[in-house]
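Have a look at the structure below, then the notes.
What follows draws every value from the coordinates through simple rules; no lab data is involved. For clarity, every value in this text was computed on a predicted model and none was experimentally measured. Backbone-built Cβ (ideal geometry, glycine too); neighbour counts: all protein chains shown.
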Amino acid sequence: MSESAAKILHDVFGFSSFRPGQEEIVDLLAGGTNALVVMPTGAGKSLCYQIPALLSRQLTIVISPLVALMDDQIAALRANGVDAVCIHSGLPREQQIANWRSVAAGNSRLLYLSPERLMTERMLVAIARLDPALFVVDEAHCISKWGTSFRPEYEKLSVLRDRFPQATICGFTATADAETRNDIAGKLFRSEGRTIVHGFDRPNLQLAVSEKNEWKRQLLAFLEDKRDQSGIVYCLSRKYTEEVQEFLTAQGFKAIAYHAGQDPETRRANQNRFMSEQSVTMVATIAFGMGVDKPDIRYVCHLNLPGSMEAYYQEIGRAGRDGLPAETLLLYGLADIRLRRQFVEQDGEDEAHKRREHKRLDALLAYCDASGCRRTAMLSYFDEEAGACGNCDNCLNPPKTVDASDEARMLFSTIVETGEMFGGAHIIDVLRGAATEKISQRRHDQLAEYGIGANHSKDYWQAFIRQAVAGNYLTINIQKYGALQIARRGRDVAAGRDTFALREFDISKAPRPAKSPKAGKRDVPEHDRELLTVLKQLRLDLARARSAPAYVIFPDATLIEMAHERPSTLDQMAQINGVGPKKLEDFGETFLQAISQDA
């Protein structure tokens, strides 16, 4: 790590050390290496490109998908004394002109733009004259048709490599499986760079899944101890969103609805309320979420099945960005599965794309069916291995299982003997002795495994395969159209070195969520809590006066450290993590006064 990078980290942003993973990325980008960076939400990705931007004497362009996200990033940078600007349609024309002049004069070395604004010929020509050193593509998964949030305007960014061959290009995302990562790297910098995956694990998130039975009862049970916290409840349709919001409001919650059917002004007002107020439940479709950087979201509840593991991971990732504990709950039913299948079938004419999306949905259903640790199941989808977390519903309240090792060996043997080239539907047909044209053409009716699983239903084997995928006994090769392949754990079972525990499934019963400690409560000593409440209120007042999110003033972790250390001078305040020189100048005396009054 260069001394100058460490100096900026401390002198501008007020931190004494980098978080895990940040230092390597700062060094790569500062050294001119193209990179795709996959970091879990809350790991501090913004600093990874902001510090190289401040180290450079040239311009850095940050491409961001949402106006609100750009505005929040600019507010946070300016609070730390960094002269950064954005240009977007939400600003008055005079302000846009002033911001561009600041960039052209070299006063602002960080410029935030939407892909639509950047990828006009006029803007590209104007930027070329300024010889930018670095292009940063935030939410980079939007560029890939392999991903779940493809945005056509992002695909145009693939020409940046040719238009600016001397510039460094990097992409940041929290959500991308291996195929999506390869696609992004190919489009952004022709795969001539590094792909860095700093893990998908979010250990502060408690994971839980229940089959949907009585959603009102289940939702109230989940939210009952969270009335003083903010969170998100995701719904599939606009109508359902309104119904849930009205129900929660009638139950005394401060609930707000958000969906694409509302006019832009209503959506903007509702999002601003959620960002600035406390103890708010946002009931929303997936129209709400990308770019929402509220650190203290304590829970995310899905009342319908998301479309894939990537989408689910991205949506629950909006909780607990401050590193404190947060809870998630996914409720799903057979109707959700049917609806999701219909959505895939109605998604254009590309049959290969449909097959991939069906297999992504299969992976999410496997996660829902997992009999073991949820975190293990989730991370295995992203090609990571992890032991049991001890903090999900299955770890806290283990489901009843039966030894199904013999059935597992039947399944695994059938997959191997058919060449690990087929998806679940064909494998089940072979197991059950079906007379299909595909089986007869490939002579799979001549295999010893043909019909050995006929005493179990098709539904049984479908659930069995989902659990085998969730437990990392099998993998789904999406590039090979969902072919089932044997993982290391599966080979151990097939060889008799391990056993297979099958969770008993009965869709007529909805399991109760596991009881667990209340989320979001870091161990704050009793004598610090009263002061912490005062400091949070002061932060909220300052944020409202600036029309900025509260975290722009100080994150919770900084306030917790203030409440514990109780600095009495500006020098002592400067030692608190997250208090840089500009924030010390702007807010130091105000917070010192609040602390002294509590003494």
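Remarks
- Computed from point charges on the beta carbon alone (+1 for Lys and Arg, -1 for Asp and Glu), the dipole magnitude for region 330-482 about its Cα centre is near 140 Debye.
- Above-threshold pairs, the threshold being 26 Å between Cα atoms, out of Lys216/Lys254; Lys294/Lys536; Lys359/Lys438; Lys239/Lys400; Lys187/Lys294; Lys187/Lys480: Lys239/Lys400; Lys187/Lys294
- More than 19 Å apart - percent of Cα-Cα pairs taken over region 522-599: 26 percent
- Computed lengthening from Gln58 to Arg566, 0.36 nm per intervening residue step minus Cα-Cα distance: 178.8 nm
- DSSP beta bridges fully contained in the chain are about 15 percent antiparallel.
- Radius, Kirkwood style, for the chain when every pair of distinct Cα atoms is counted (Å): 25.9 Å
- Helix runs (DSSP H) in the chain reaching 30 Å along axis by Cα, Kyte-Doolittle at least -1.0: 526-546
- Sorting 40-53, 463-476 by average packing, meaning the other beta carbons within 10 Å per residue, from highest down gives 463-476, 40-53.
- Contact order, relative form, for region 528-597: 33 percent (alpha carbon pairs under 8 Å, 6 or more residues apart, mean separation divided by residue count).
- Footprinting exposure proxy for Arg539, Arg442, Arg163 (fewest neighbouring C-beta atoms within 10 Å first): Arg163, Arg442, Arg539
- The orientation-averaged shadow of the Cα convex hull for region 401-503, equal to a quarter of the hull surface, comes to 6.0 nm².
- Kirkwood Rh (inverse of mean 1/r, distinct Cα pairs), region 3-197, angstrom: 16.8 Å
- Relative contact order for region 401-503, counting Cα pairs under 8 Å that sit 6 or more residues apart, in percent: 38 percent
- For Trp461, Trp100, order by how many other beta-carbon atoms lie within 10 Å, fewest first: Trp100, Trp461
- The three principal axes of the C-alpha atoms in region 342-454 carry coordinate ranges of 48, 41, 23 Å, sorted with the longest axis first.
- Order of Ser210, Ser191, Ser16 - criterion: other Cβ atoms within 10 Å of each residue's Cβ, fewest first: Ser16, Ser191, Ser210
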